Amino acid sequence: LWWIREEKAQGQAYQGVPIRSESEIEIDVKPLVQEFIHFQSQYLVEDAVPRYQDIASSFGNKERFGSLDTDQLYRTLLNVHAFNDRFRFFEGGHPKMKETFLGTNDHEKIRTTIEYLLYGSDQYETRISNCVNDSDFKLNEFGESCVKELYGLVNENDIPICNGRTLKSMEWLGFGKL
């Protein structure tokens, strides 16, 4: 869905697209899949794959995750596009974002929240909701898109990434406003 947002649903093109039936969407998606297969992107090779490998290596294993220090946790979270892209809201960019994030979330809260999100025993929908809304788990400067994208990157349930980019892509495809 990243590719659709970048190549097809640019700007506001996703807005106002009529809701389509499942069969209409399927017809529209088939040629897009073929186009994507032949799409050459340095971003995928040089950025997206290494980011995914880093986050999978750091957060994909509970024991490895438990050994990360605060700086390693933060650096790994920067692989979540929705989180990394927040730097634009901070005067001073990434250094100020890091200072703010780590200044308002201590190591234990960051570790506990991520561990709960990725490895907790509650249903995944409950964990996502709690990490977005419950003050026991909610991290400052790490909103709903960040939580959903992180879970989509690292879960054993084959639940895909869900963030603003994917929702806009799906709207452009005809799923309606999600």
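The values are calculated or read from the model by the stated rules, or taken from the named source; none is laboratory data. Here the structure is a predicted model, which is why all the values come from computation and not from measurement. Cβ: placed from backbone, ideal geometry, glycine included. Neighbour counts: every protein chain shown. What goes into the accessible areas is simple: the full protein's heavy atoms, side chains included, and nothing from ligands, DNA or RNA. Shrake-Rupley method; radii C 1.70, N 1.55, O 1.52, S 1.80 Å.
For the residues A56, A82, the requirement of being open to solvent by less than 40 Å² (accessible area, probe 1.4 Å), out of contact with any Cys (no Cβ under 9 Å at 6 or more places or on another chain) and either at pLDDT below 95 or at positive phi (or both) singles out A56.
Of all residues in region 138-178, count the ones that are open to solvent by less than 30 Å² (accessible area, probe 1.4 Å), more than 27 Å from G93 (Cα to Cα) and either touching a strand residue (DSSP E or B) at 6+ places or on another chain (Cβ under 6 Å) or in a loop (DSSP other than H, G, I, E, B) (or both). The total comes to 2.
Among the residues examined, R127 qualifies as part of a helix (DSSP H, G or I) and surrounded by 15 or more Cβ atoms within 10 Å (Cβ to Cβ). Taken together, the residues in region 1-41 that are within 12 Å of W172 (Cβ to Cβ) and part of a helix (DSSP H, G or I) amount to 9.
For region 51-73, the set of residues classified as within 23 Å of C162 (Cβ to Cβ) and in contact with a helix residue (DSSP H, G or I) (Cβ under 6 Å, 6 or more places away or on another chain) consists of I55, S58, F59, K62, F65, L73, listed by residue number.
Restricting to region 107-123, name every residue that is free of Cβ contacts under 8 Å to residues at least 12 places away in the same chain and open to solvent by 50 Å² or more (accessible area, probe 1.4 Å). Matches in region 107-123: E108, S121, D122, Q123. Residues that are open to solvent by 60 Å² or more (accessible area, probe 1.4 Å) and under 26 Å from L153 (Cβ atoms) within region 27-42 comprise V33, Q34, E35, F36, I37, H38, Q40, Q42, listed in sequence order.
If you check E6, E46, which single one turns out to be over 30 Å from Y116 (Cα atoms), of a type outside the set (G, A, S) and surrounded by fewer than 12 Cβ atoms within 10 Å (Cβ to Cβ)? Steps first, please.
Numbers: E6 fails: surrounded by fewer than 12 Cβ atoms within 10 Å (Cβ to Cβ).
None of the others qualify; the one that does is E46.
Restricting to region 59-79, name every residue that is touching a His at 6+ places or on another chain (Cβ under 9 Å) and either closer than 15 Å to E141 by Cα or open to solvent by less than 20 Å² (accessible area, probe 1.4 Å) (or both).
Applying the first criterion (touching a His at 6+ places or on another chain (Cβ under 9 Å)) to region 59-79 yields 69-70, 73, 78.
Listed by number, the residues that qualify are L73, L78.
Selection of region 94-125 for residues being more than 20 Å from the chain's Cα centre (by Cα), under 24 Å from G164 (Cβ atoms) and of a type outside the set (S, T, N, Q) yields only K96.
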